[in-house]
Structures are given as structure tokens and as C-alpha cells.
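For reference, the structure discussed in these notes is given below.
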């Protein structure tokens, strides 16, 4: 639980992270505040669902439309709250995919989109290219395929886009939600243990996050926090931590570090809201 630090080439005290790759990124100025192997492509597990959700809402679907879960959606789904034959809305499927990381829900979103799953995965890769995420490629919508690859740098941009999205932003900061099928309620809870975390420095607000894990990827976490002193949004990404607890510990330590250095890290830097950046691109 004790944060580790080291000295950089200028003698500044910076984090010493045990995870395979990490980054602290300022989405307002596109500045990398700190990184370790930040441009290395790695398997990203369910971090993939950020792109799944962003690609899905980009088509402006009717979120109240109800669709049916099939046996194929459920096959080897690992984490899921759904059952074959469940009928529920796209809105609830987005919540299921992003809050408890439901794999079957992500599959339903892709399968029922125009052209089916294969065409949807093509659009995921096209979306990544349009956002300038040059080190990101996607093979399936759930993240169970180890071929879903990205860098921490790309993912810091992606989580910032999602957190600023008017549909997805509120979802990725929810601690709990109740999805509703035609026959039953499904109470769900976030896999992000930093929501409401009392070990974060006072005033830090976690405004978006997504977890991911498969053996190839290790334990991953992408987060956006808001700093209390400046109101600045900062993206923190940790890839390849050794344990579930480790990814939260490393992320928490990075958040507390950037909060403690905010006065110098953001000195004299103009702040451009993320939503305004998206309009300019």
C-alpha cells in the first residue's frame, strides 16, 4: 500500500510503478504528465468495452429499443448477469457492459447493430483511427479476445472521450444501477473500487473508469479524476498490474501524486474542456 517513488533525469520525484505500463495524461492540454511504457501496445481485456460503447452510441440508436439475448451471446461469456431469452433495452445493456463489465451485454450491442458483430468490430477500428488512436486495434466487442490491443497513451485519450460523452459519462461514474428485463430486476455494482474510495486524497472525484482483466492482459484500470484545487480532469491508466488490489493501489497512488503536484504540473497551462476539444477535432 506504500507508494514508491524514484528520481527522473532532472532529479524530480516521480512515481515508481510496478505495473507493466502506466500513464498520467491531461486531456485539456494533451500533455503527458508522467508515463512508464505508455506507448507500448498491450492486450487490454474489458477496457475494450469503452470503444464498444463509444462506437455503439455514435450511431445514435434508440436507447429504449428492446432486444433479445441469444444463446450465442451467452456462450463462454464468463462474467454476465444475463440469461438466454432475456429482453431488455439498449440503455440497460450499456449499463451492464460498462458498470459490472458484462460480456454478454457487450456482445448483444455488437450483434444487433447494423451489419452484425463483424461489421461492428470494423467500425470499432474505424472509430479508433478517427480519434487518432494509432496503437489500438480491436478483435471483439467484449475484451475476452486477447487480440484487443492498445497503449496506455491511447487509452488515456479514450477514457477521457467516454467520460465527457453525454450518454456514457454518467454511466462510467455510477457505483450501482438496476437493469430491468421483461421479467426481473438485475441489481449491478461497479467493478471500480475507486468510486467512493476513502484512501484518495480529500476532494478527488473519480468521474469515469473501466476495469479489465484476462490472463494475457493482467489487471487493468482506466480512470478520469477531477482535482479539487484546480477542477482539472486527469486521465490515469494502469495496465498489467499483478493483482486486482494492485491495479487500484497503483492508480490511487498516481492520483494522489498528481493531486499533490497539481500546483506545478498545471502552472500557467490554459484549460480547454474535453467536450470543446472534441468539437474542435
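Nothing in this text is a laboratory measurement; each read-out follows from the coordinates by a stated rule. Because the structure is a prediction, the values reported are computed rather than measured. A quick note on method: Cβ atoms are made from the backbone with ideal geometry, for glycine too, and the neighbour counts reach across all protein chains shown.
Express in nm, to one decimal, how much length is gained between residue 244 and residue 79 on full extension, taking 0.36 nm for each residue of separation and deducting their alpha carbon distance.
57.9 nm
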key: Inter-site label distance for residue 184 and residue 198 at 7 Å from Cα along Cβ, in nm   = 3.4 nm
Ascending count of other beta-carbon atoms within 10 Å, so fewest first, for 210, 216 = 216, 210
ask   = Arranged from highest to lowest average of other beta-carbon atoms within 10 Å per residue, in what order do the peptides 243-250, 259-266 appear?
value = 243-250, 259-266
ask   = Based solely on its DSSP helices, what 222 nm [θ] is calculated for the chain when runs of n ≥ 4 H residues each add -39,500 (n - 2.57) and the sum is averaged over all residues, nearest 500 deg cm²/dmol?
value = -9500 deg cm²/dmol
inquiry  = If I take R0 = 22 Å and measure r between the Cβ atoms of residue 18 and residue 41 in this structure, what FRET efficiency does the formula 1/(1 + (r/R0)^6) give, to the nearest 0.05?
reply    = 0.65
key: Under 19 Å from the residue 119 label point (7 Å along Cα→beta-carbon), backbone N, region 37-66   = 52-63, 65-66
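Hey, can you rank 195-204, 74-83, 220-229 by average C-beta count inside 10 Å, highest first?
220-229, 74-83, 195-204
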remark   = Using alpha-carbon positions, the gyration tensor of region 88-172 gives root eigenvalues a ≥ b ≥ c; with a/c under 1.5 called rounded, otherwise prolate if a/b exceeds b/c, else oblate, the class is oblate
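What ranking of 134, 211, 183, 230 emerges when the number of other C-beta atoms within 10 Å of each C-beta is taken as an exposure proxy, fewest first?
On the way: 134 13, 211 23, 183 10, 230 16.
Exposure proxy ranking, most exposed first: 183, 134, 230, 211.
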inquiry  = Report the Cα centroid-to-centroid distance between region 79-136 and region 191-229 in angstrom, as an integer.
reply    = 22 Å
key: Percent of C-alpha pairs per 5 Å bin, the chain, short to long   = 1, 6, 13, 18, 19, 17, 12, 7, 4, 2, 1, 0, 0
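Answer rounded, prolate or oblate for region 49-123, using the Cα gyration tensor with square roots of eigenvalues a ≥ b ≥ c: rounded when a/c is under 1.5, else prolate when a/b is larger than b/c, else oblate.
rounded
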note = Computed from the beta carbon distance with a Förster radius of 22 Å, FRET efficiency for residue 68 and residue 176 to the nearest 0.05 stands at 0.30
task = Specify the inter-centroid distance of region 243-266 and region 7-66, based on alpha-carbon positions, in whole Å.
result = 14 Å
